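Working notes, structure below.
The values are calculated or read from the model by the stated rules, or taken from the named source; none is laboratory data. This one's a predicted model, so the numbers in the text were calculated from it and none came from an experiment. Here Cβ is always computed from backbone atoms with ideal geometry, including for glycine, and neighbour counts include all displayed protein chains. Heads up: the accessible areas ignore ligands, DNA and RNA and are worked out on the full protein's heavy atoms, side chains in. Shrake-Rupley method; radii C 1.70, N 1.55, O 1.52, S 1.80 Å.
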Amino acid sequence: MRTLLSLASYLLAGYGLLCLLLYLMQRQLIYFPVPAALPPEQSLVLQQGGVQVLVSQQPRASDKALLYFGGNAEDVSVSLAEFAAAFSEHAIYLMHYRGYGGSEGRPSEPALISDALALFDQVSQQHSDITVIGRSLGSGVAVQLAAQRSVQQLVLITPFDSLTKLARQQFTVVPVRWLLKDRYESAHYASSINTPTLLLVAEQDEIIGRARSEALYQAFAPGSARMQFYPGGHNSYLPASQIAAWL
């Protein structure tokens, strides 16, 4: 009996240590900052509470603009030329999250949402027709932006309904709902979005299962969103020209 109690205490201590490590390291498991392969020559700089956030841009004298928010390990600088070519009537703005591509600070959900809103507010001073695109983690940023600002159209690539639910699928024995700081509850915000929305879902997405994307789709008001499937996995290449063709 004493042996069983000792074993139980060791297992409980080990479980507690696991939970503590996951709590302390959670943002290192969500965000993977990468440097910019192509440092922007004329970057837009956002001053956010003493932190400089860089935005790769292709300025254009047009009413139309496109804001892009990338994945959790994406260098958005390499996509500038492609987006500029595919959306030739739009000024292009690709935000480097805090800690990414020369931007200062550390990434977190409140910080990224605040930066996205600040970028939109600055861009909207020159452009009245703004399309917002978010990929993977960036879909969570894009949804919250569209819920708080008036955007022309919203595109979500490999999106999910809730980071909490995604994490619970990966860490089934851990009380994720009590530990997670950054939750990106996109489904909660989707119901308040009236913007025409396109969800682009990879048919073989091995990271964000189809159920999570479909749950987000169902959260939008009827008729406001449509879903388009494309071949490939979560990190499969999806040309900007193809995205433009679906709009």
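Quick look at the numbers
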{"quantity": "Subset of region 117-161 [closer than 18 Å to SER224 by Cβ, among the hydroxyl-bearing types (Ser, Thr, Tyr) and open to solvent by less than 40 Å² (accessible area, probe 1.4 Å)]", "calculated": "THR131, SER139"}
{"quantity": "Pair list, Cβ under 7 Å, 6 or more apart: region 187-202 residue at negative phi and surrounded by fewer than 22 Cβ atoms within 10 Å (Cβ to Cβ), other residue among the charged types (D, E, K, R) and assigned to a strand (DSSP E or B)", "calculated": "LEU198/ARG226"}
{"quantity": "Matching residues in region 130-157 - criterion: being of a type in the set (S, T, N, Q), out of contact with any helix residue (DSSP H, G or I) (no Cβ under 7 Å at 6 or more places or on another chain) and more than 25 Å from ARG60 (Cα to Cα)", "calculated": "SER136"}
{"quantity": "Filter result (in a loop (DSSP other than H, G, I, E, B), within 27 Å of LEU180 (Cα to Cα) and out of contact with any Gly (no Cβ under 7 Å at 6 or more places or on another chain)) within region 103-137", "calculated": "SER103, GLU104, SER108"}
{"quantity": "Hey, ALA167 out of contact with any His (no Cβ under 6 Å at 6 or more places or on another chain), part of a helix (DSSP H, G or I), without any contact (Cβ under 8 Å) to a residue 40 or more places away in the chain and on the phi < 0 side of the Ramachandran plot or not", "calculated": "yes"}
{"quantity": "Every residue from region 159-211 that is among the small types (Gly, Ala, Ser) and either out of contact with any strand residue (DSSP E or B) (no Cβ under 7 Å at 6 or more places or on another chain) or more than 18 Å from ASN72 (Cβ to Cβ) (or both)", "calculated": "SER162, ALA167, SER186, ALA187, ALA190, SER191, SER192, GLY209, ALA211"}
{"quantity": "Residue, farthest from LEU247 (Cα to Cα), within region 84-102, restricted to residues that are open to solvent by 40 Å² or more (accessible area, probe 1.4 Å) and either modelled with pLDDT under 95 or assigned to a helix (DSSP H, G or I) (or both)", "calculated": "GLY102"}
{"quantity": "Helices (runs of 4 or more DSSP H) (entirely within region 177-247) containing at least 1 residues that are charged (D, E, K, R)", "calculated": "210-219"}
{"quantity": "Single unsatisfied condition, THR172 versus (1) part of a loop (DSSP other than H, G, I, E, B); (2) open to solvent by less than 80 Å² (accessible area, probe 1.4 Å)", "calculated": "(2)"}
{"quantity": "Matching residues in region 53-83 - criterion: being hydroxyl-bearing (Ser, Thr, Tyr) and surrounded by 23 or more Cβ atoms within 10 Å (Cβ to Cβ)", "calculated": "SER56, TYR68, SER77"}
